[in-house]
Amino acid sequence: RKEVEQDPGPFNVPEGATVAFNCTYSNSASQSFFWYRQDCRKEPKLLMSVYSSGNEDGRFTAQLNRASQYISLLIRDSKLSDSATYLCVVNRNQGGKLIFGQGTELSVKP
Amino acid sequence: DAGVTQSPTHLIKTRGQQVTLRCSPISGHKSVSWYQQVLGQGPQFIFQYYEKEERGRGNFPDRFSARQFPNYSSELNVNALLLGDSALYLCASSRTGGINTEAFFGQGTRLTVV
């Protein structure tokens, strides 16, 4: 079993739709949590950190449930430019070692 | 300010050869990490260096080695290349490498082993 698991993709949604990604992590020692975005054949870029209290950045909302070891990302009013792979990432208090899920591909269609 | 720069961007090598990949972190960043990303998967941690010392090592064979120089740039070396080493190799830099420090990735080196 992988340490970070994500919903299998791809997700194909129309513009304006709301889409939710889920992620679970297996190691309860995980300390910090992130969502990264990766465009095709490009490098991953930090989308947002995820806090226990939940956090929002414009159309994006991230939630963390430590008891269930579950992380989510909600994208409202999807844009064509949101098409990318979304990577769930955890850090287990081992310095810079980021542990990535396999990613979920999102395709937003006109 | 320049972001994380990696060289070369693309590389084709033959099985059994050796390869060296290079990374220059963002100015002021002292931590460099290396990741391997095969098609369809998320990046996998290979090494982290901070202040020229190895701080972490992932589950990769001894054919993989790395080092960090006094100017904080880094090299990743892979010996005795296998077909399965074909992947995108990503370098990430961060100010301190701590658990909540944002990591910035370079554009990667795409290695093909034939």
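Bear in mind these aren't lab numbers, they're just calculated from the coordinates by the rules spelled out. No experiment lies behind these values; they were computed from the predicted model shown. Positions of Cβ are generated from backbone atoms using ideal geometry, with glycine treated the same way; all protein chains shown enter the neighbour counts.
Using only C-alpha positions, report the orientation-averaged shadow area of the convex hull of chain B, nm², one decimal.
6.7
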Just rank A:Cys23, A:Cys40, B:Cys23, B:Cys91, fewest to most, by other beta-carbon atoms within 10 angstrom. A:Cys40, A:Cys23, B:Cys23, B:Cys91
Shielding of B:56-64 by other chains, given as the mean Cβ count within 10 Å, works out to 1
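Using a Förster distance of 35 angstrom, determine the FRET efficiency expected from the C-beta separation of B:Asn100 and A:Asp77, and round it to 0.05.
Rounded to the nearest 0.05, the efficiency is 0.75.
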Highest-first arrangement of B:62-70, B:12-20, B:24-32, where packing means the average Cβ count within 10 Å: B:24-32, B:62-70, B:12-20
Mind listing which trypsin sites (Lys or Arg not before Pro) in region A:13-100 are in a DSSP loop and have 15 or fewer other Cβ atoms within 10 Å? A:Arg41, A:Lys42, A:Arg59, A:Arg66, A:Arg76, A:Lys79
Long-range share for the protein assembly as shown, i.e. C-alpha pairs more than 22 Å apart as a percent of all pairs, stands at 51
Sort A:Ser83, B:Ser74, B:Ser7, A:Ser78 so the one with the fewest other Cβ atoms within 10 Å of its own Cβ comes first. B:Ser7, A:Ser83, A:Ser78, B:Ser74
How many angstrom lie between the Cα centre of region A:48-110 and the Cα centre of region B:1-61? 23
Per 5 Å bin from zero, what fraction in whole % of the C-alpha pairs of region B:64-114 is there, up to the bin with the longest pair? 5, 16, 21, 24, 17, 11, 6, 1
Taking every residue in B:103-111, how many Cβ atoms of other protein chains lie within 10 Å of its Cβ, on average? 3
Compute the semi-axes of the equivalent ellipsoid of region A:26-110, taking the square root of 5 times each eigenvalue of the Cα gyration tensor, and list them largest first in whole Å. 23, 15, 10
Under 30 Å between alpha carbons, and skipping anything fewer than 8 positions from A:Lys79 in its own chain: which lysines qualify? A:Lys42, A:Lys45, A:Lys109
Can you tell me which of A:Ala17, A:Ala67, A:Ala29 moves the most in a GNM of chain A? Springs connect C-alpha atoms under 10 Å apart. A:Ala67
